[in-house]
Amino acid sequence: MAIIFAVLSVAFRGFPRNIVFSLTERIAVPVNRFFLGLSVYTKALINVKQLAGENAKLSEENRLLLGKVSESDRLKRENDLLRSQLNLTGSEDRKLLLAEVVSYDKSPISSAIILNKGSNDGVKKSMTVVVESGVLAGVVREVYDDSCLVFLVDDSRVRISVRGLASQVVGYARGDFQKGLRLELIGKNEQISVGETLVTSGLDALPSSLTVGKITSAESSNGDLFQNISAEPLYSKKIGAEMFIILK
């Protein structure tokens, strides 16, 4: 206000001081209001920028926290799955590796999948792959650095030793693209029934007592030495986005 009064005193030299002072007051009030508003606006802008920065920081912290929670939930779910599978596969000494299905090839000439675990994760050729509830899915055929090729049990290139869970009859199950599984070397006098569950016998490289499938038909002719037996593999009813590789 003093500056305004000094300027007006020079501009209106010779005018009475009370008139100059009155003009000064009339001009000073809106000017002061303008600068006061400008000061408030400037402070508000600074506060907005500070709040925006703080909000961005909080958002990043929340994102990181949610990421940690999500990772923690994933690890807990994975541990729970592994723990349940260890019980279902018959031995807590077995070491399981959780793997995700990358691709699934189901055709008249192939039944195979690719998993996202490989030699860098300890996977080796001929290792066993199971799905939920300890059901045999297949066998590792080829191993790469970060993935592996698995032949499923209904692939004709897979042949495993099995036994009837009730009858204890032992034979071989070979993949069949049309029937699912075809049993070999089951004598015509062996008592094995439709609906009986088949499990791995443990007489080959696979762990014993893994569920393989259920017998759907059993026939024999007078001149045959062995029965003509078909079975349905059970992995297909439980196959999902994740499987387990038995490392040992």
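No lab work stands behind these numbers, since they all come straight from the coordinates. Since the model is a prediction, treat every value here as computed from it, not as a measurement. As a convention, Cβ positions derive from the backbone with ideal geometry for all residues, glycine included, and neighbour counts pool all protein chains shown.
If r is the Cβ-Cβ distance from GLU142 to PHE226 and R0 is 30 Å, what FRET efficiency results, to the nearest 0.05? That gives a FRET efficiency of 0.40.
Once R0 is set to 25 Å, what does the formula 1/(1 + (r/R0)^6) return for the Cβ-Cβ distance between SER110 and ALA166, expressed as a FRET efficiency to the nearest 0.05? Provide the component values of the computation, followed by the final result.
Working: r = 32 Å, r/R0 = 1.30.
FRET efficiency, SER110 to ALA166: 0.15.
Measuring between alpha carbons in the structure, the pairs from LYS95/LYS117; LYS95/LYS179; LYS106/LYS248 lying more than 22 angstrom apart are LYS95/LYS179; LYS106/LYS248. Under the simplified labelling scheme, the ARG159-SER217 pair shows an inter-label distance of 2.2 nm, with each label point 7 Å from Cα along Cα→Cβ. Per-residue extension of 0.36 nm, minus the Cα-Cα distance of GLU100 and PHE177, leaves a gain of 25.3 nm for this segment.
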